[in-house]
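A.B. asks: This is the structure I want to talk about, given as structure tokens.
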Amino acid sequence: EMLAMVEVERLSKQAEGSDLDSAPPEELWKQIAACFGLPVEFDEPEEQREPWTTWLLSAAIICASLVAFPHLREVVQRFGLIPAQATRLDGLTFVTSFFLHAGIIHLGGNMYFLLAFGHAVENFLRPLRYLALIALAAIVGDLAHIALDPRSQTPCIGASGGIAGVITFYALNFPQMRLAFLMRWGFVWFHWIRLPAWFVFVLWILFQLIGTLEQKAGMSSVSSAAHLGGAAVGVLACVVWRGPNAVRITKQASVLD
């Protein structure tokens with residue numbers, strides 16, 4: 001009887017951790033975020049310190065965007081990154097465009113991903129390397145955006161290139177961390193699924209490749225090319241600063257440790 005009880009408990013624990021388990025995250029804010037279609041961490045890497053760099057960077061971006069909102073068109077024209085005029089203001093728009101956003105949804109989405117996944121990356125890399133990752137990912141993302149249409153006169157704004165580097169590093173350095181999604185049909189059917197971070201990342205890359213084709217064809221106002229540029233830096237950073245559980249990237253194949 002005791003052995004049977006132990007076996008039942010073991011199977012129960014396995015069911016609780018299964019990818020198709022319907023149990024929601026314990027935190028209410030995660031449940032709310034998932035209702036908007038956002039991924040939430042079900043597992044979280046252990047942390048040794050508060051992510052002050054992530055918090056301060058997020059606060060700076062939020063403040064800059066909110067200040068710009070009342071006169072957004074004029075601010076974007078002056079401080080947005082324009083591919084055909086990339087060197088204007090002595091290249092300062094590579095920096096200023098990072099802190100500007102097109103609206104509350106654009107700002108809120110970027111800040112969610114930075115806050116949700118930046119804390120683990122900052123804790124692993126420590127502040128200086130973390131900031132270097134974001135800065136380089138943002139710059140390479142901007143260069144990828146420019147390369148796609150160097151004659152464009154349309155300003156580009158947003159921190160998503162830098163944040164793409166953070167997301168990529170997170171997915172490759174913590175590949176088995178599970179992300180929870182709320183699958184729903186209207187307001188009737190709800191079901192939670194959990195997927196490993198590496199798998200979600202692969203799907204995200206596929207969507208960005210499709211988005212880049214749409215961007216090239218003039219069918220999208222989202223710079224998927226900038227996301228891919230930032231992601232490339234995230235891959236490079238993981239190669240240089242990888243942890244013991246990171247995805248192993250070799251010339252022969254990419255496999256999980």
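The values are calculated or read from the model by the stated rules, or taken from the named source; none is laboratory data. This one's a predicted model, so the numbers in the text were calculated from it and none came from an experiment. Glycine also receives a Cβ, built like all others from the backbone with ideal geometry; neighbour counts cover every protein chain displayed.
A.B. asks: Do the conditions hold for SER65, that is, is it within 24 Å of GLY37 (Cα to Cα) and buried (at least 17 other Cβ atoms within 10 Å of the Cβ)?
C.D. replies: The answer is yes for SER65.
A.B. asks: Name the single residue, out of those in the stretch 196-210 being among the hydrophobic types (A, V, I, L, M, F, W, C) and either over 16 Å from PHE113 (Cβ atoms) or modelled with pLDDT under 90 (or both), that is surrounded by the fewest Cβ atoms within 10 Å (Cβ to Cβ).
C.D. replies: The residue in question is LEU206.
A.B. asks: Which one of these does VAL140 not meet: (1) modelled with pLDDT under 95; (2) more than 25 Å from GLU74 (Cα to Cα); (3) more than 15 Å from the chain's Cα centre (by Cα)?
C.D. replies: Status for VAL140: all satisfied but (1).
A.B. asks: Next up: Taking the condition of being surrounded by fewer than 19 Cβ atoms within 10 Å (Cβ to Cβ) and in contact (Cβ under 8 Å) with a residue 40 or more places away in the chain, how many residues in the stretch 38-54 meet it?
C.D. replies: 8
A.B. asks: From the residues in the stretch 147-190 that are loosely packed, with under 14 Cβ neighbours inside 10 Å, among the aliphatic types (A, V, I, L, M) and over 30 Å from VAL239 (Cβ atoms), which one is nearest to the chain's Cα centre (by Cα)?
C.D. replies: Among residues in the stretch 147-190 that are loosely packed, with under 14 Cβ neighbours inside 10 Å, among the aliphatic types (A, V, I, L, M) and over 30 Å from VAL239 (Cβ atoms), the one nearest to the chain's Cα centre (by Cα) is MET183.
A.B. asks: Counting only residues that are modelled with pLDDT under 95 and out of contact with any Asp or Glu (no Cβ under 9 Å at 6 or more places or on another chain), which one in the stretch 48-63 is nearest to PRO150 (Cα to Cα)?
C.D. replies: GLU50
A.B. asks: Name the residues in the stretch 84-103 that are among the hydrophobic types (A, V, I, L, M, F, W, C) and in a helix (DSSP H, G or I), would you?
C.D. replies: ALA84, LEU89, PHE94, VAL95, PHE98, PHE99
A.B. asks: Test of understanding: among ALA232, ALA147, which residue is assigned to a helix (DSSP H, G or I) and either without any contact (Cβ under 8 Å) to a residue 40 or more places away in the chain or under 23 Å from VAL76 (Cα atoms) (or both)?
C.D. replies: Criteria check complete, one pass: ALA147.
A.B. asks: Out of all the residues in the stretch 155-194, which are of a type in the set (Val, Ile, Thr) and over 19 Å from ARG126 (Cβ atoms)?
C.D. replies: ILE157, VAL188, ILE193
A.B. asks: Looking at the stretch 211-229, can you tell me whether even one residue there is assigned to a loop (DSSP other than H, G, I, E, B), touching an Asp or Glu at 6+ places or on another chain (Cβ under 7 Å), hydrophobic (A, V, I, L, M, F, W, C) and crowded, with 17+ Cβ neighbours inside 10 Å?
C.D. replies: No: zero hits.
A.B. asks: Now, a different point. Looking at the stretch 64-83, can you tell me whether even one residue there is outside any helix (DSSP H, G or I) and either under 19 Å from the mean Cα position of the chain (by Cα) or at pLDDT below 95 (or both)?
C.D. replies: Within the stretch 64-83 (the criterion being outside any helix (DSSP H, G or I) and either under 19 Å from the mean Cα position of the chain (by Cα) or at pLDDT below 95 (or both)), the answer is no, since none of the residues qualifies.
A.B. asks: Right, GLU26: modelled with pLDDT under 70, of a type in the set (Asp, Glu) and within 29 Å of LEU179 (Cα to Cα) or not?
C.D. replies: So GLU26 does not fit the description; no.
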